Each structure stands twice: as structure tokens, then as C-alpha cells.
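Peer 1: One structure follows; several queries about it will come next.
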Amino acid sequence: MSVESLVGQLKHGLDAPICLTWEITYACNLACVHCLSSSGQRDPRELTTDEAKRVLDELHDLQVFYINIGGGEPMVRRDFFELVEYAIGRGIGVKFSTNGAYIDADKARRLTGMDYLDIQISLDGTDAATNDAVRGTGSYDLAIRAMDHLRDAGFVERNGPFKISVVVTRHNVDQLDEFKALADSYGAQLRVTRLRPSGRGVDAWHDLHPTNAQQRQIYNWLMAHGENVLTGDSFFHLNALGDSLPGLNMCGAGRVVCLIDPIGDVYACPFVIHDEFKAGSVRDEGGFSRVWKQSDLFLELREPQSAGACASCGSWNACQGGCMAAKFFTGLPLDGPDPECVGGAADDARATVSSALVPKPAMDHSKPVSLTRKLIPVAGN
Amino acid sequence: MTRPGGQALLDQALELHPQVALRPEPFGALAYHYGNRRLVFMKHVDVVAVAKQLADHPSLAATLEACDIAPTRWSSFATAFASLKSSEIVRER
């Protein structure tokens, strides 16, 4: 079977997701300007430990091999280790995303001792100034300190490379080589992903997203580094520039990907926390399994999608019209070009979208602005 | 018996790596290696059937025979299993 026909199969959906993100809390010690879930404060409706374990039981039954745990800052949850250990005990590998604030020497040793655990440290600049402008004062030092602790604990030697996860912006795109060198220096692996206009990113996107020239720069850099750098397949809209980047080159939303949010709502992907892309809740009768297999939204997303306004463009097979979330949160039609279409097809449309018509994220858990509150707590709370 | 280059795998005794789990899917199966965290698509149900039986037979060729795979397809199976071996989904035993 050729790659193309495999992708054709995947578009009809899998029996269970292969890339399931589970954001376990909206609480976060940071307040990144591009946070795709507008995190900050815990939601009182968040899943209890028991409810979370029942979800993990279901994922085990569905043979979900691994999950990506995120937030918010997942380590804020007091049952973080309990849930991770429960997942691993049920044969579900865990990769979790963290800003590193709570990885002290002790926790680094504990994490190193766990089988089938992978860690992804978020970092958006190779210097404090670039990083902290997006992620908040002190956040660069927290991430570096966490990586130092993981190195000292021997994480890489025992569990393989942890990941340094970078959201590529206008301001850090010139640092890609430095990010790679930083990852190499820890024996870690670099992961770079696309900035989405989701969550607080709805507001930040216009100032942060790469320019057209920078998009080509990203494409060339990724082509040069091949499969050594992870991307979460997030740059397939750049494939219109030439040969395809490694990966499946398709939007996986509701087909191979989905998101469970902290209160148990299931969305088509981590970048579309909005009612229009909410398929159901793990708290509904039938649980996650029923949402994945039978929800109207997911069944609809598995139908062939129209190329719409892109139908006459020769690059559609290469870029597939880009990212659904990016279109949605910039107010563009879902069957038209990506807002960052490298052919410039969305430039006119973007200029005419009224900001009043751009959808707003469904929920906002951002912390209230306080003139006295310190953003960064000490590690090891 | 010796075979032309690339087909030598047919004579090897193979098995699914013990850290690999298979999940049935309409196109075949997903194979996940818990050790190296690789996710591999097994793109044909026959490949899945053969992979599951590898450990029960003395060689890949014997497994293909036991699974009633027509000899004309053996060379493509040798290629498929060479790829699965390189990603450590299957290994020599």
C-alpha cells in the first residue's frame, strides 16, 4: 500500500486516536502570551483523580499506546505523579509538556526512574530576553534549571532524549540552529511546532507569527534537518513550497488526533478549544470511546473535505489547505486557504476579516491581572 | 539455501520485539514500540498475520509458507520485514 493510500485510510479515522493530548489542568504558574488553552487558573469542574483514572482505563481498553499530557502546567496537579504512574501501569506511555518550574533535583530523579515516560520542556528562546518576552519573566531560567536537573539525574541515559519544545515565532526563528545546539548539548531532541492563533494566541498571533520570508526559512531549515527534528507534523502548510516535509501531511483533527480538556470535554484537536469543535465529554454516557467512535463532529471530520476556494490551486495536494484551527481563529472559511498560505492566497481575505467576526476561544482561564502578584513561584511546592 | 542480496532475511528466524504492541486497524495494524517510542503502520492485514506468527516458525520463509502467502509476494514481504526490522518492530531470535 502506498503512503498516499495510507493517508486516505487515516482520513477516515482510526479505531482509537494515535495522538491524544490530555490537558489535565487549566492551572499554570506562567501566563504565556500564546497559550493555546488560555490557562492560568484551575477550573473547579476539573476531573477528579478517580474520574481521570477511569479515563485511563478506557484508553487502555482502546489500546491507546501513549498520551501527551499537558495543561496548564500539569505538574501543578497534586495527583500528577499518581496519574502518570497509573497510566504507565496500564501500559499507556506518557509524554508530558511542562515549563519545568516544578522539576527540582528530587522530582528529576523520580521522573528518571519511571518507565515509558518522556518529557517535553517548553522553551521559546535561546536567551532569556527572547524567551521571557513570550513566556514571562524568569521562565527561561526555570526551563534551563529543569533541564540541568534532568541531566544530573541521568534521564537521557536511562529513558532516552527528553524534548525541548519550541513554538516558532517571528522573534526566535533565527535561533533554530542555536535551539538545535542547545538540545544536542543535553542529549535532548528538538521539537519545533507552529504558532497557532488559539487561546490567548488569538491576540498574540498577529505580532508573533512568522513573516512569509521566515516561513521559507523554516521550511528550508526543516528540510535540511529531516527526521532528526520533531514537528508534530505541524508545518504541512509549508509543503506548497516544494518537496513534502517528513510526516503524514494531513490534518489529523478528529481522525487520528484529539484533545481531552481538564473538565473532560473532548475537542477535535488541541488548537480548537471552541464549542464548534467540541465533540462531547468523557463524562457523557459511553465515555470517551463513544465520543471518539460516534460523535457527529468526529464522523463529519472523517468525511472527505472539500478543497473549496483552494480547488483550483495546484498546491492543494501538497498543503491540504493548511490548518483548520488557524483558519477558524483568524475568521477565515474552513474550506479556504490557511492564513499563512505560502502562495499568499489568504492575504486579501485576512485583510477584510472584521475582528468582530473572529471567533473567540470558548473559555478563558487566564489569571486576573494583578499589579502585585509575582508570576513565578519557587520550585518544589 | 542462499538467496540474492536483500532477500537473505527470508532465512532468518524472527520475532515481534517483546516491547511491541499491535493494534488492529482497518488497513492492517498500528505497531508501537514502547522502548524506542516508534509508531509504525503495518499497511496490510497479511503483514500483520505473518508478524504475529513469526516466533512459531524457524524462518520468515517458513512463516510465509504457513500463512499461505504466494511465493510471488515473498520478495515484497522480505522488503516489508527488513523495514520493520530496522525500526526494531521485529528482531532476530
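Peer 1: What are the aspartates and glutamates whose alpha-carbon lies under 16 Å from the alpha-carbon of A:LYS293, with same-chain residues fewer than 8 places away excluded?
Peer 2: The reachable aspartates and glutamates, counting only those whose Cα sits under 16 Å from A:LYS293, are A:ASP15, A:GLU58, A:ASP61, A:ASP265, A:ASP284, A:GLU285, A:GLU303, B:GLU25.
Peer 1: Let me ask something else. Based on DSSP H runs of at least 4 residues, each adding -39500 (n - 2.57), what is the mean residue ellipticity at 222 nm of chain A after dividing by all its residues, to the nearest 500 deg cm²/dmol?
Peer 2: Working: 15 runs with 130 residues, N = 381.
After summing the helix terms and dividing by the residues of chain A, the value is -9500 deg cm²/dmol.
Peer 1: When the scattering of chain B is computed by the Debye formula from its Cα atoms alone, each counted once and equally, what is log10 I(q)/I(0) at q = 0.11, 0.12 Å⁻¹?
Peer 2: -0.27, -0.32
Peer 1: For the stretch A:9-56, what does the equivalent ellipsoid look like in terms of its semi-axes, each the square root of 5 times an eigenvalue of the Cα gyration tensor, given largest first in whole Å? Mind showing how you got there, number by number?
Peer 2: Values: eigenvalues 139, 66, 9 Å².
Over the Cα atoms of the stretch A:9-56, the semi-axes work out to 26, 18, 7 Å.
Peer 1: Related question: Rounded to the nearest Å, what's the spacing between the alpha carbon centres of the stretch B:18-77 and the stretch A:12-48? Just the number, please.
Peer 2: Cα centres, the stretch B:18-77 to the stretch A:12-48: 36 Å.
Peer 1: May I pose another question? Kirkwood Rh and Cα-based Rg: tell me the resulting Rg over Rh for the stretch A:12-91, rounded to two decimals.
Peer 2: Values: Rg = 13.4 Å, Rh = 13.5 Å.
Using only Cα positions, Rg/Rh for the stretch A:12-91 is 0.99.
Peer 1: Something else now. So how many Å³ per residue does the convex hull of the Cα atoms of the protein assembly as shown work out to? Could the numbers behind the result be given before it?
Peer 2: Details: hull volume 74.9 nm³, N = 474.
Here the figure is 158 Å³ per residue.
Peer 1: Would you kindly work out the equivalent ellipsoid of the stretch A:143-241 from its C-alpha gyration tensor and give its semi-axes, the square roots of five times the eigenvalues, largest first in whole Å?
Peer 2: Numbers: eigenvalues 137, 51, 26 Å².
They are 26, 16, 11 Å, listed from largest to smallest.
Peer 1: Counting pairs of alpha carbon atoms under 8 Å apart in space and at least six apart in sequence, what relative contact order in percent does chain A give?
Peer 2: Working: 751 pairs, mean separation 77.3, N = 381.
Relative contact order for chain A comes out at 20 percent.
Peer 1: Using the 2.2 N^0.38 Å rule of thumb for compact globular proteins, work out how the stretch A:186-282 stacks up: its C-alpha Rg over that value, please. Present the calculation step by step, with values, prior to reporting the outcome.
Peer 2: On the way: Rg = 15.2 Å, N = 97, 2.2 N^0.38 = 12.5 Å.
Normalised Rg, Cα atoms only: 1.22.
Peer 1: State which entries of A:LYS11/A:LYS53; A:LYS11/B:LYS43; A:LYS163/B:LYS85 exceed 18 angstrom in Cα-Cα distance in the structure shown.
Peer 2: Values: A:LYS11/A:LYS53 30 Å; A:LYS11/B:LYS43 15 Å; A:LYS163/B:LYS85 25 Å.
In this structure, A:LYS11/A:LYS53; A:LYS163/B:LYS85 exceed 18 Å between Cα atoms.
Peer 1: Could you give the radius of gyration (one decimal) and Dmax (whole number) of the Cα atoms in the stretch B:30-81, in Å?
Peer 2: Over the stretch B:30-81's Cα set, Rg and Dmax evaluate to 11.6, 34 Å.
Peer 1: Convert 4 °C to kelvin, take the viscosity as 1.567 mPa s, use the Kirkwood radius over C-alpha pairs of the stretch A:85-211 as Rh, and evaluate the Stokes-Einstein diffusion coefficient in µm²/s, rounded to a whole number. All intermediate terms of the calculation are to be shown ahead of the outcome.
Peer 2: Details: Rh = 15.2 Å.
Answer, rounded: 85 µm²/s.
Peer 1: Still on this structure, please answer the following. Taking the alpha-carbon set of the stretch A:240-381, what are its Rg and Dmax in Å?
Peer 2: Both quantities, over Cα of the stretch A:240-381: 18.3, 56 Å.
Peer 1: Using alpha carbon coordinates only, what is the Rg to Rh ratio of the stretch A:53-154, with Rh defined as the Kirkwood radius?
Peer 2: Details: Rg = 14.6 Å, Rh = 14.4 Å.
Using only Cα positions, Rg/Rh for the stretch A:53-154 is 1.02.
Peer 1: For the stretch A:134-160 and the stretch A:86-133, compute the distance between their C-alpha centroids and round to whole Å.
Peer 2: If you average the Cα positions of each part, the centres end up 8 Å apart.
Peer 1: Kindly work out what percent of the DSSP beta bridges joining two residues of the protein assembly as shown are antiparallel, to the nearest 5.
Peer 2: Details: 18 of 47 bridges.
Bridges in the protein assembly as shown are about 40 percent antiparallel.
Laboratory data are not the source of any read-out in this text; all were calculated from the coordinates shown. From a predicted model like this one, the values you see are computed outputs, not experimental measurements.
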